[in-house]
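Step one of this worksheet: look at the structure below.
The values are calculated or read from the model by the stated rules, or taken from the named source; none is laboratory data. Quick caveat, the model's predicted, so the values are computed rather than measured. Here Cβ is always computed from backbone atoms with ideal geometry, including for glycine, and neighbour counts include all displayed protein chains. Note: areas computed on protein heavy atoms with side chains; ligands, DNA, RNA excluded. Shrake-Rupley method; radii C 1.70, N 1.55, O 1.52, S 1.80 Å.
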Amino acid sequence: MRVKVRDVMAPHVVSVDGGTSFKDVAEVLIAHSVSAVPVVDDEGHVIGVISEADLLRKEQFKEQYYGEGYQPPLRARLRHRLTEKNHSIRDTAHGETAAELMTSPAVTVPPGASVVTAIRLMDQHGVKRLPVVDADGVLIGIISRQDMLRVFVRTDADLAEEVRDDVVGHSLWAENSRMEVDVCQGVVTLTGWTARRSDAAIVVAMARRVHGVIDVVDKLEWEVDDTSRWSRG
């Protein structure tokens, strides 16, 4: 629950400006082994993103307008309609600069967002990386799918500390319970007891929400089973 975009993003970002040529954008992507780069204005505001797909789309669609009878695959046509740009396919096919070829507006994420939010944005928009921007829209980093995998390689000690501090230690039932937390290979084992069965269930649910936790083994006991009256109600 602590892990935010700022914790796993790459703070040093390669970017291009709107006037960068098609060839230079391609060279940047190759040189830095990335699939996309943000396009920024003179003040560092993100105005779009240009990717390998944008460059290849120029070649893919331009044949359609050169009288060669090319018809892009249905998937490509549908994807273009769902992510329609502010200019036409013809403009894209004839574009020569990053500003003419980029996808705009860019899908961005603030540094304080959770990694879950970033994952959902990537999935929703079908992208592999997101520019990270401050409150003014200025580029301060970038987060990729690979960056977010770091969440799942957190040390067992780090996970155990977070579960103890944020789940067990700061809970309303902390003074009326005794729980032990053990973590092995990302699997949290909870032992001990709580005053009510419902409290134990909440602890387990909250532990599962901690970023990087693979699973939770529930060995908690309780003094009073207060869940039976819920089922009757």
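Restricting attention to the range 26-76, the residues that are surrounded by 11 or more Cβ atoms within 10 Å (Cβ to Cβ), at pLDDT below 80 and under 27 Å from the mean Cα position of the chain (by Cα) total 2. Per the conditions (1) at pLDDT below 90; (2) not in a helix (DSSP H, G or I), the sole criterion not satisfied by R81 is (2).
In the range 108-134, which residues are of a type in the set (D, E, K, R) and either closer than 21 Å to R209 by Cβ or in a loop (DSSP other than H, G, I, E, B) (or both)? Write out each step before concluding.
Pass one, the range 108-134, residues of a type in the set (D, E, K, R): 120, 123, 128-129, 134.
Listed by number, the residues that qualify are R120, D123, K128, D134.
For S15, the conditions (1) in contact with an Asp or Glu (Cβ under 7 Å, 6 or more places away or on another chain); (2) modelled with pLDDT of 95 or more; (3) within 30 Å of V153 (Cα to Cα); (4) not acidic (D, E) all hold with the exception of (1).
Six or more apart or on different chains, Cβ atoms under 6 Å: show the pairs whose first residue is in the range 133-157 and among the charged types (D, E, K, R) and whose second is modelled with pLDDT of 95 or more and surrounded by 14 or more Cβ atoms within 10 Å (Cβ to Cβ). Close Cβ pairs (under 6 Å, with a partner that is modelled with pLDDT of 95 or more and surrounded by 14 or more Cβ atoms within 10 Å (Cβ to Cβ)) amount to D134/I140; D156/V183. A205 meets all of the listed conditions (1) without any contact (Cβ under 8 Å) to a residue 24 or more places away in the chain; (2) small (G, A, S); (3) under 30 Å from V14 (Cα atoms) but one, namely (3).
The set of residues from the range 207-217 being in a helix (DSSP H, G or I) and either modelled with pLDDT under 90 or open to solvent by 50 Å² or more (accessible area, probe 1.4 Å) (or both) comprises just one member, R208. L220 passes all but one of (1) surrounded by 15 or more Cβ atoms within 10 Å (Cβ to Cβ); (2) farther than 30 Å from V127 by Cα; (3) modelled with pLDDT under 90; (4) not charged (D, E, K, R); which number fails? With (1) surrounded by 15 or more Cβ atoms within 10 Å (Cβ to Cβ); (2) farther than 30 Å from V127 by Cα; (3) modelled with pLDDT under 90; (4) not charged (D, E, K, R) applied to L220, the lone miss is (3).
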